[in-house]
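A short worksheet on the structure shown next.
We did not get these values from a lab; they are worked out from the coordinates using the rules stated. Bear in mind the structure is a predicted one, so any value in this text is a computation, not a measurement. Ideal geometry is used to build each Cβ from the backbone, glycine not excepted, and the neighbour counts take in all protein chains shown.
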Amino acid sequence: MPLMGHSLLISIATYNEAGNIEQLLLDIRRCVPDAHILVVDDNSPDHTGDIVDRMGRSDSHIKIVHRPGKQGIGTAMLRSFEFGMVNGYQQVLTMDADFSHNPADILNILAGMKNYDVMIGSRYVKGGSIKNWPWTRYLISYAVNVLVRNLFKLPIRDTSGGFRCYKIGILKMAGLELMQSTGYSFLEELIHRCHSTGARIGETPITFENRKVGASKVSGQEAWRSLTLLIKLGIAFRWRGLPPPAPPKKIYNPTLSDSKLNKRHSA
């Protein structure tokens with residue numbers, strides 16, 4: 001049964017976030033009490049999924065999809081988008097599980113959705129900032145954003161940030177079934193695909209704060225693989241005349257059934 005009447009789904013991908021997830025969910029519930037939250041957990045060894053299960057038993061707004069192992073941030077986001085489509089949500093907001101994205105900023109992102117199809121919580125617009133990053137990480141992140149903006153001709157300052165809200169209608173037209181990225185290049189490829197549909201994309205400043213609990217999931221190997229794929233896709237787009245990722249009126253049909261997506265804690 002579709003979860004009609006609930007317009008916003010907040011998506012969080014987790015792997016070993018037991019030290020953060022409970023307080024994060026409580027903070028989100030306080031900030032946006034009408035929203036539903038979907039956690040996509042990759043069988044975290046620290047039992048993050050068990051914590052969400054427990055909270056979901058007493059709060060029908062908290063839902064979880066358990067996956068058998070680590071499958072990447074991109075596939076976790078696809079799972080949440082499919083959940084949103086199948087269950088009748090109008091918007092999906094994605095954010096990190098480690099408090100690098102402040103739940104208090106959700107309201108500013110949602111306010112922008114009145115005028116835009118995609119809103120980005122941006123580190124690189126006026127008023128945005130980053131706390132507690134080493135200068136090397138900041139330099140790499142900034143350089144990747146400049147590269148992606150130029151390769152894909154994107155009028156966006158923060159192409160790699162994961163604190164975003166999307167209208168479901170745009171996701172349906174973005175060619176999700178054609179996505180090549182599964183790791184951290186997923187965010188850049190996705191925003192390019194949204195832009196190619198003609199989506200109105202806005203940015204609002206946030207302060208991104210490096211995690212205080214737990215360890216980063218980004219390995220050097222994954223970072224290099226993502227960068228290589230982005231360059232490949234960008235070259236295809238700029239110099240080989242790659243067409244838009246999907247015809248503007250093509251509608252994405254979820255491949256996962258409602259029973260598979262929403263097998264626990266249905267409202």
Which trypsin sites (Lys or Arg not before Pro) in the range 94-140 sit in a loop by DSSP (not H, G, I, E or B) and have at most 12 other Cβ atoms within 10 Å of their own Cβ? K114, K126
Packing-based ranking, highest mean first, of 63-69, 179-185 given that Cβ atoms within 10 Å are counted: 179-185, 63-69
Sorted peptide list for 105-112, 191-198, criterion being average Cβ within 10 angstrom, highest first: 191-198, 105-112
Assuming a viscosity of 0.890 mPa s and a temperature of 25 °C, what translational diffusion coefficient in µm² per second does Stokes-Einstein assign to the range 141-198, Rh being the Kirkwood radius over Cα pairs? 209
Counting pairwise Cα distances across the range 16-69, what percent come out greater than 17 angstrom? 28
Kirkwood hydrodynamic radius over Cα pairs of the range 8-249, then Stokes diffusion coefficient at 25 °C and 0.890 mPa s, in µm²/s: 135
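Can you tell me what the convex hull of the Cα atoms of the range 102-170 projects to on average, as an area in nm²?
Numbers: hull surface 21.7 nm².
Mean projected area of the Cα convex hull: 5.4 nm².
So what is the diffusion coefficient of the range 32-121 in µm² per second by Stokes-Einstein at 10 °C and 1.306 mPa s, using a Kirkwood Rh over Cα pairs? Please report the intermediate quantities before stating the final value.
Numbers: Rh = 14.4 Å.
Using the Kirkwood radius from Cα pairs, D works out to 111 µm²/s.
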Per residue convex hull volume, Cα atoms of the range 99-216, in Å³: 115
